[in-house]
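Have a look at the structure below before the remarks.
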Amino acid sequence: MRKGGSRMSRRNAVSRRDFICSGALAGVALAAPGGSLASLQASREVSSDTRQSAEDGSSIRLGLASYTFRNFNRTQMIGFMKQLNVFALNAKDVKDHLPMDPQLEAAALADYAAAGIRLHAAGAIYFPKDEDADIRSKFEYCKRAGIGVIVAGDPAVETLPRIEKFVKEYDIRIAIHNHGPEDKLWPSPVDVLKTVKNMDPRMGCCIDVGHAVRAGADVVEAIHEAGPRLSNVHMKDLTDFHDKQSQVAVGEGRMPVRKMFEALVATGYKGFVDLEYEIHPDDPMPGVIASFAYMRGVLAGMQLGK
């Protein structure tokens, strides 16, 4: 009797993570054409694209880093975003996602507008020259697109005062992206915050959570420490916080997703959490679907209470 009961307990034992993922996936299915009106409304309420209200600072808005689809062109990526019900994009000048050339950029912006996709950030954008002309070209690129956040990749410390000048002129935020222990300048968001603490408040960081944990940072503490200087979050998950190659779909690793979301809510974060799924570049959709399902499930659980 005890043996049979033990087997039944094992069959019935469902981890909290599996429960959240299963519920989120069910919500995605019900929200598809043919699902009930009530289910569709529920899906809209937990969907964290640009259509979700964040007026009170308590809503987590999910977006996509276009680097996830770096092996796909803009038309294909727009199709994927529609399938995902994600309409907020952190665009990068990769493939034809958001070209630097003004005419090509205008064509891309027209395509995104037609699809109902809003560009809220761009990057990573690099600043290899401490020169006004080069830096201004990057700010003009984002101004044309109506983008308010530049995710900056590895700007030299000496270049920051010149970049700050353009932040003030254009009212566009700079979010320095940490790249983990391999990055000699900005391995952790903590390193960014130490450097910009006395600069314009629009000089801040983009926390790449995967790279941050590999650099030894506590991502929840980093979110609290960054406060209003946090302008973007790149979301990913790892099974081993010391191994860059251990990336998995969000929810399948060790990343404290709910605690991070709670920290973002507590600090009044008004930016986006952008999925940057860097593995399986030729077939990313299975992992991307699972990642958004998990994150939406966590958000639904937070809304419903503990």
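The values are calculated or read from the model by the stated rules, or taken from the named source; none is laboratory data. All values reported here derive from a predicted model rather than from experimental measurement. Here the Cβ positions follow ideal geometry from the backbone for every residue, glycine too, while neighbour counts run over all protein chains shown. When the accessible area is computed, the model is the full protein with side chains, heavy atoms only, and any ligands, DNA or RNA have been set aside. Shrake-Rupley method; radii C 1.70, N 1.55, O 1.52, S 1.80 Å.
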Exercise. Which of the residues belonging to the stretch 92-122 are under 18 Å from residue 232 (Cβ atoms) and touching a Lys or Arg at 6+ places or on another chain (Cβ under 6 Å)?
Worked result: 94, 97
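Restrict the check to the stretch 270-283 and report whether at least one residue is open to solvent by less than 30 Å² (accessible area, probe 1.4 Å), of a type in the set (Ser, Thr, Tyr) and touching a strand residue (DSSP E or B) at 6+ places or on another chain (Cβ under 9 Å).
Initially, the stretch 270-283 is screened for residues open to solvent by less than 30 Å² (accessible area, probe 1.4 Å), giving 271-277.
From what is left, the residues that are of a type in the set (Ser, Thr, Tyr) are 277.
With touching a strand residue (DSSP E or B) at 6+ places or on another chain (Cβ under 9 Å) added as a condition, the list becomes 277.
There is at least one residue in the stretch 270-283 that is open to solvent by less than 30 Å² (accessible area, probe 1.4 Å), of a type in the set (Ser, Thr, Tyr) and touching a strand residue (DSSP E or B) at 6+ places or on another chain (Cβ under 9 Å).
Starting from residues that are surrounded by 15 or more Cβ atoms within 10 Å (Cβ to Cβ) and among the charged types (D, E, K, R), keep the ones in the stretch 160-194 and report whichever is nearest to the chain's Cα centre (by Cα). Walk me through it before giving the result.
Keep residues of the stretch 160-194 that are surrounded by 15 or more Cβ atoms within 10 Å (Cβ to Cβ), which gives 160, 162-164, 166-167, 170, 172-180, 183, 185-193.
In the following step, the residues that additionally are among the charged types (D, E, K, R) were identified as 162, 164, 173, 183, 191.
On the way: 162: 27, 164: 24, 173: 16, 183: 20, 191: 20 Å.
Among residues in the stretch 160-194 that are surrounded by 15 or more Cβ atoms within 10 Å (Cβ to Cβ) and among the charged types (D, E, K, R), the one nearest to the chain's Cα centre (by Cα) is 173.
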Problem set entry | Lone unmet requirement of (1) under 20 Å from residue 296 (Cβ atoms); (2) buried (at least 19 other Cβ atoms within 10 Å of the Cβ) for residue 259 | (2)
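Suppose we filter 291, 246 for residues that are at pLDDT 95 or above and surrounded by fewer than 17 Cβ atoms within 10 Å (Cβ to Cβ); which single one remains?
246
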Exercise. When residues of the stretch 125-158 are filtered for being open to solvent by less than 10 Å² (accessible area, probe 1.4 Å) and of a type in the set (Gly, Ala, Ser), how many remain?
Worked result: 2
Problem set entry | Contacts under 6 angstrom Cβ, first residue in the stretch 276-291 being touching a residue at least 24 places away in the same chain (Cβ under 8 Å), partner charged (D, E, K, R) and open to solvent by less than 30 Å² (accessible area, probe 1.4 Å), 6 or more apart | 276/236
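Would you mind listing the helices (runs of 4 or more DSSP H) fully within the stretch 64-174 where at least 3 residues are within 27 Å of residue 191 (Cα to Cα) and in contact (Cβ under 8 Å) with a residue 24 or more places away in the chain? Before you say what the answer is, go through the steps one by one.
On the way: elements: 74-84, 102-115, 132-145, 160-170.
Of the helices (runs of 4 or more DSSP H) lying wholly inside the stretch 64-174, those with at least 3 residues that are within 27 Å of residue 191 (Cα to Cα) and in contact (Cβ under 8 Å) with a residue 24 or more places away in the chain span 132-145, 160-170.
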